[in-house]
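Notes follow once the structure below has been shown.
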Amino acid sequence: MERERLEHSIEPVFDGCSRVLLLGTFPSPKSREAGFFYGHPQNRMWRVLTAVMGEPEAPRSVDERRAFLLRNRIAMWDVIARCTIEGASDASIKDVAPNDLSRVLDAAPIRAVFCTGAKAHELYRRWQEPVTGIPATRLPSTSAANAAWSLERLTEAYRIVAETARD
């Protein structure tokens, strides 16, 4: 697999009611193909969010996922606007250009920022926090590659998202 210089192609999801901002690193090839965040079928993000928000069924389509996020006052985007990356490997990310989070932060009353994985958190702290002044909480990655975290453990870790969105 070779490194590619890529531009982020998925618009952020937010509205004037969004209370929390979930940030990943950069869309995986499967997410770019699906046209939405956490698009790999093995990624557990949608099952985890469904559980913590107490909804009966995980959203499947892009429209259902967008509506789910907005209904639950969750904004979603990524830290990176452009980068060089190999496949879906966060470890291979280089030549980072950050997203302009003011697009979301100026339009929504965001109470907390959560980064979905170590690399997202590291990049947020380096590129975004000095600009936003908002510290972020690091959550574990929901990727299937993070096999050390069971669905139950992930759900427990992500409960803070629901608590913050509802307050």
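The values are calculated or read from the model by the stated rules, or taken from the named source; none is laboratory data. Since this is a predicted model, take the numbers as computed values, not measurements. Glycine gets a Cβ as well: all are built from the backbone with ideal geometry, and neighbour counts include every protein chain shown. SASA here: full protein model, heavy atoms, side chains in, ligands and nucleic acids out. Shrake-Rupley method; radii C 1.70, N 1.55, O 1.52, S 1.80 Å.
Does A75 fit the bill of being more than 22 Å from L6 (Cα to Cα), among the small types (G, A, S) and open to solvent by less than 40 Å² (accessible area, probe 1.4 Å)?
Here the answer is yes, as A75 does meet what is asked.
Restricted to the range 10-47, and to residues that are among the polar types (S, T, N, Q) and open to solvent by less than 80 Å² (accessible area, probe 1.4 Å), which residue is farthest from the chain's Cα centre (by Cα)?
Here the residue is S18.
Among the candidates R60, R103, R66, single out the residue that is out of contact with any strand residue (DSSP E or B) (no Cβ under 8 Å at 6 or more places or on another chain), surrounded by fewer than 19 Cβ atoms within 10 Å (Cβ to Cβ) and in a helix (DSSP H, G or I).
R103
Taking the stated definitions as given, is I93 open to solvent by 10 Å² or more (accessible area, probe 1.4 Å), more than 15 Å from the chain's Cα centre (by Cα) and among the β-branched types (V, I, T)?
yes
Out of A91, A107, report the one residue that is at pLDDT 95 or above, at negative phi and not β-branched (V, I, T).
Answer to the selection: A107.
Being outside any strand (DSSP E or B), open to solvent by 60 Å² or more (accessible area, probe 1.4 Å), farther than 20 Å from V20 by Cβ and in contact with a His (Cβ under 8 Å, 6 or more places away or on another chain): is that true of A88 here?
yes
Yes/no per residue for (1) closer than 19 Å to S28 by Cβ; (2) free of Cβ contacts under 8 Å to residues at least 12 places away in the same chain:
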site: D78; (1), (2): yes, no
site: A112; (1), (2): no, no
site: R125; (1), (2): no, yes
site: A136; (1), (2): no, no
site: N146; (1), (2): yes, no
site: A157; (1), (2): no, no
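Going by the conditions given, is A118 within 16 Å of the chain's Cα centre (by Cα), within 20 Å of P27 (Cα to Cα) and among the aliphatic types (A, V, I, L, M)?
yes
Mind checking which residues of the range 29-57 are out of contact with any strand residue (DSSP E or B) (no Cβ under 9 Å at 6 or more places or on another chain), within 14 Å of S141 (Cβ to Cβ) and not in a helix (DSSP H, G or I)?
H40, Q42, N43, R44
Give A118, A144, A107, A136 a once-over and let me know the one that is over 16 Å from L23 (Cβ atoms) and aliphatic (A, V, I, L, M).
So the residue among A118, A144, A107, A136 that is over 16 Å from L23 (Cβ atoms) and aliphatic (A, V, I, L, M) is A144.
Among the residues of the range 116-147, how many are assigned to a loop (DSSP other than H, G, I, E, B) and either open to solvent by less than 50 Å² (accessible area, probe 1.4 Å) or modelled with pLDDT under 95 (or both)?
Adding up the residues that qualify gives 10.
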